[in-house]
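Note sheet for the following structure.
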Amino acid sequence: MHNIALAGCGNVGTALLEILHEKQTELKDNYGFDFKVTMITDLMKGTVVDPSGLDLGRILDAIHSSRSFDGLPQTKGTFGELLEKSHATMLAEATPTNLKTGEPGLTHIREALSRGINVTTTNKGPISVAFDELNRTARECGAKLRYEGVVMSGTPLLRMLQDGMSGASVKKIEGILNGTTNFILTKMEKGATYPDALEEATSLGYAEADPSGDVEGWDAAVKLSILAKIIFGKDIPVSEIECHGITAVTQEKIKEAGDAGYSVKLIAGISVLPQGLSLYVMPKEIPFSHPLASIGGATNAVTITTDNLGEVTLIGPGAGRRETGQALLCDLISMK
Ligand code: HSE
């Protein structure tokens with residue numbers, strides 16, 4: 001029996017709880033994944049802990065009716081104390097991303113790994129700022145660390161690169177790696193204003209709590225930096241990536257490009273050059289005939305150029321509450 005702790009019960013954390021509640025029997029029957037959720041902590045909603053298993057139905061009712069854990073018995077303590085009280089064996093970390101400090105997720109992940117608790121996270125901050133440290137702690141403490149959801153949400157890009165393409169050399173990765181900006185550009189192409197499109201992306205749970213990282217391109221740049229580390233073993237600080245977001249892309253520019261047969265997309269890429277890796281994030285005009293031009297909404301698409309396979313393109317959700325909850329679920333099952 002696995003005891004799951006959840007840190008961060010916003011859009012993604014709540015979606016994970018919904019999936020776990022709906023699929024509990026299916027997950028046990030099909031994957032032998034037998035679990036209970038023993039702790040949920042959220043900065044706004046509070047903390048509930050029960051090592052014998054929380055009543056997910058009751059908790060989801062409370063979240064859906066009052067967006068809080070009001071009426072449920074709450075537990076206090078430091079994060080480490082809560083983990084111990086909950087007898088957690090796995091942590092799903094889904095607190096809001098801070099691309100600069102990685103907090104509070106970084107502390108949560110350190111506390112869990114150092115106690116030998118397996119961790120999955122969708123939080124780009126800690127993975128970006130402390131990749132080596134966290135992997136070392138995991139190794140030293142006999143715990144697993146997974147982070148499929150940090151790039152392309154539940155679309156399994158990292159597994160495809162790390163397992164499915166073992167032995168092939170990657171030469172180039174290029175595509176759409178931010179769901180929010182692709183959603184905004186798609187809406188603007190259809191006539192929406194930038195503020196309205198951003199508001200809709202936020203209400204659908206695509207944008208970060210602070211959407212400036214999305215629209216200024218930093219979210220995609222962090223994803224590139226994580227890919228550079230995972231695939232090429234290179235530390236490329238995000239500050240060294242050429243990064244331009246979509247804040248200067250006006251409706252007029254989109255219309256002009258459309259009239260000329262182009263769609264404006266925020267493209268992120270890594271190329272292997274003789275002098276090293278070259279990384280960039282920038283809006284580009286893509287001809288309508290190119291496959292990336294037809295990728296709309298919060299969908300992501302990335303083409304990986306390799307020696308043995310030529311080009312492989314993966315298209316799928318790049319953001320979204322349930323789609324990102326799926327990334328956590330997939331990691332939890334893989335760590336059982
Ligand atoms: N804000 C991110 C995006 C979420 O829009 O792509 C998924 O990483």
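The values are calculated or read from the model by the stated rules, or taken from the named source; none is laboratory data. Keep in mind that this is a model prediction, so the values were computed, not measured. When we count neighbours, we look across all protein chains shown, and the Cβ atoms used for this are built from the backbone with ideal geometry, even at glycine.
Annotations
- Condition met for GLY13 (at pLDDT 95 or above and touching an Asp or Glu at 6+ places or on another chain (Cβ under 9 Å)): yes
- Being within 23 Å of GLU311 (Cβ to Cβ), away from the ligand (no atom under 13 Å from the Cβ), surrounded by fewer than 22 Cβ atoms within 10 Å (Cβ to Cβ) and of a type in the set (D, E, K, R) is a description that applies to LYS171.
- Within this structure, THR137 fails the test of being within 24 Å of LEU329 (Cβ to Cβ) and either crowded, with 22+ Cβ neighbours inside 10 Å or within 16 Å of the ligand (Cβ to nearest atom) (or both).
- Flag for ALA319 being surrounded by 14 or more Cβ atoms within 10 Å (Cβ to Cβ) and within 27 Å of GLU18 (Cβ to Cβ): yes
- Residues satisfying the stated conditions in segment 297-317, i.e. touching a Leu at 6+ places or on another chain (Cβ under 6 Å) and more than 14 Å from the ligand (Cβ to nearest atom): LEU314
- Taken over segment 165-180, the criterion of being within 15 Å of VAL302 (Cα to Cα) and either β-branched (Val, Ile, Thr) or at pLDDT below 95 (or both) is satisfied by VAL170, ILE173, ILE176.
- Residue pairs meeting the criteria (Cβ under 7 Å; at least 6 apart or on separate chains; first on the phi > 0 side of the Ramachandran plot, in segment 157-177; second hydroxyl-bearing (Ser, Thr, Tyr) and modelled with pLDDT of 95 or more): GLY175/THR303
- Segment 166-184: number of residues that are within 23 Å of ALA221 (Cβ to Cβ) and out of contact with any helix residue (DSSP H, G or I) (no Cβ under 7 Å at 6 or more places or on another chain): 5
- Output for segment 34-58, where each listed residue is crowded, with 21+ Cβ neighbours inside 10 Å and in contact with a Lys or Arg (Cβ under 8 Å, 6 or more places away or on another chain): MET39, LYS45, THR47, VAL49, LEU54
Yes or no, residue by residue, for (1) surrounded by 22 or more Cβ atoms within 10 Å (Cβ to Cβ); (2) under 23 Å from LYS284 (Cβ atoms); (3) within 12 Å of the ligand (Cβ to nearest atom); (4) over 15 Å from the mean Cα position of the chain (by Cα):
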| residue | (1), (2), (3), (4) |
| --- | --- |
| MET152 | yes, yes, yes, no |
| THR193 | no, yes, no, yes |
| ASP210 | no, no, yes, no |
| ASP214 | yes, yes, yes, no |
| VAL222 | yes, yes, yes, no |
| THR247 | no, yes, no, yes |
| GLU252 | no, yes, no, yes |
